[in-house]
Amino acid sequence: MSTNPIGIFDSGIGGTSIFQEIYALMPNENTIYLADSVNAPYGNKSKEEILLLSIKNTELLISKGCKIIVIACNTATTNAIDYLRNTYSIPFIGIEPAIKPASLNTQTKSIGILATKGTLSSALFHKTTDLYANGITIIEKEGEGIVKLIEEGKLYSNEIYELLEKYTKPMLEANIDYLVLGCTHYPYLTPILSKILPKHIKIIDSGFAVAQQTKSVLEHNSILNLSSKNPDILFYTNTITTVLEEILNQEFNVEYLDF
Ligand code: DGL
């Protein structure tokens, strides 16, 4: 048993979609969340840059006593998790686009994926698609511009609506029945996508699977927090706090930290 915090990081506020799943499953775990919004988006950066930013976030979380790190960012996971696992002794949980369940369940044999350039171009993403999506048509779209707009607090803007219409058009033409959201910022787009896409298209992400995997690794390592004390949940951002506060519905305290 360990009361040390779970560390979570993302390029910005998107990883809060993963935090919400973890919090729902393990509401008594102490947690520290880092929103590296000053460096967002990671999606257009080189593998080396993404790796250096992931190391910086990891070392800060380790210095704060985290017992496990959840990389709540597909772009950082696909580019840095192997290095982080080989370098630090605590467990890491990563997130990858839900290509496997979409490929297994599609009836039309055609699925769409919306993710960042950094994720779609990564070796890990190609390995996953080679492994699970044999014989499936995958329409890949980079969500260029979306993370930036969400980070600017423009989730419900016309700009986002128009970008989503544009990115999903070729997917509709290819008769997809699954849309995989391959970036942790994107679950917040679901209400908007539900207006754009026909009802039969299932929109899926990996958030719940990541929370389950986190719990199982904590159990396996005997470091679950078994105390029933109210948890300390700390959110840090290296930009203005308001956008993060808003996405969290003002339910948690957010502090500025220079990192
Ligand atoms: N939320 C991130 C992801 O899951 C990062 C997006 C970005 O910074 O470009 O990929």
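Values in this text are rule-based calculations from the coordinates and carry no lab data. Since this is a predicted model, take the numbers as computed values, not measurements. Heads up, the Cβs are rebuilt from the backbone with ideal geometry, glycines too, and the neighbour counts pull from every protein chain shown.
Taking amide H as placed 1.01 Å from N in the peptide plane, the amide H of Lys202 sits under 5 Å from that of Tyr178, Leu179, each at least 5 places away or on another chain. For the pair segment 55-98 and segment 140-206, the centres of their Cα atoms are 26 angstrom apart. For Ile139, nonlocal amide neighbours, meaning residues 5 or more places apart or on other chains whose placed amide H falls under 5 Å from its own, are Ile111, Gly112, Ile113. Helix 207-220 and the longest principal axis of the C-alpha atoms of the chain enclose an angle of approximately 40°. An oblate overall shape is assigned to segment 1-117, the ratio a/c of its alpha-carbon gyration tensor axes (a ≥ b ≥ c) being 1.5 or greater and a/b not exceeding b/c. Remark on Ile233: its backbone amide H falls under 5 Å from those of Thr31, a criterion applied only to residues 5 or more positions apart or on other chains, H modelled at 1.01 Å from N. Count Lys and Arg as plus one, Asp and Glu as minus one, and take only other residues whose Cβ is under 14 Å from that of Leu257; the net charge is then -2. Couplings 3J(HN,Hα) of segment 245-259, computed from phi: 4, 5, 5, 8, 6, 6, 8, 10, 7, 10, 10, 7, 9, 8, 9 Hz, in residue order, whole Hz [Karplus 6.51 cos²θ - 1.76 cosθ + 1.60, θ = phi - 60°; x for Gly and Pro].
Axis of helix 158-173 versus longest Cα principal axis of the chain: the two differ by about 60°, to the nearest ten degrees.
When only the Cβ of Lys, Arg, Asp and Glu is charged (+1, +1, -1, -1), the dipole of segment 78-130 relative to its Cα centre reaches about 100 debye.
Taking 0.36 nm per residue of sequence separation and removing the Cα-Cα distance, the Lys47/Glu165 pair yields an extension gain of 39.6 nm. The ranking of Met171, Met1, Met26 by Cβ neighbour count inside 10 Å, starting from the fewest, reads Met1, Met26, Met171. Against the chain, whose longest principal axis is taken from its Cα atoms, helix 47-63 shows a tilt of about 30°.
Over all other residues within a Cβ to Cβ distance under 14 Å of Ile62, the charged ones net out to +3, with Lys and Arg as +1 and Asp and Glu as -1. Dipole size of segment 197-259 about its Cα centre, with +1 on Lys/Arg Cβ and -1 on Asp/Glu Cβ: approximately 440 debye, rounded to the nearest 20. Rounded to the nearest 20 debye, the dipole magnitude of the chain is 620 debye, with +1 charges on Lys and Arg beta carbons, -1 on Asp and Glu beta carbons, and the Cα centre as origin. Karplus-based coupling profile of segment 174-188, in residue order and whole Hz: 8, 6, 5, 10, 10, 10, 8, 8, x, 8, 6, 6, 6, x, 5, with θ = phi - 60° in 6.51 cos²θ - 1.76 cosθ + 1.60 and x standing for Gly or Pro.
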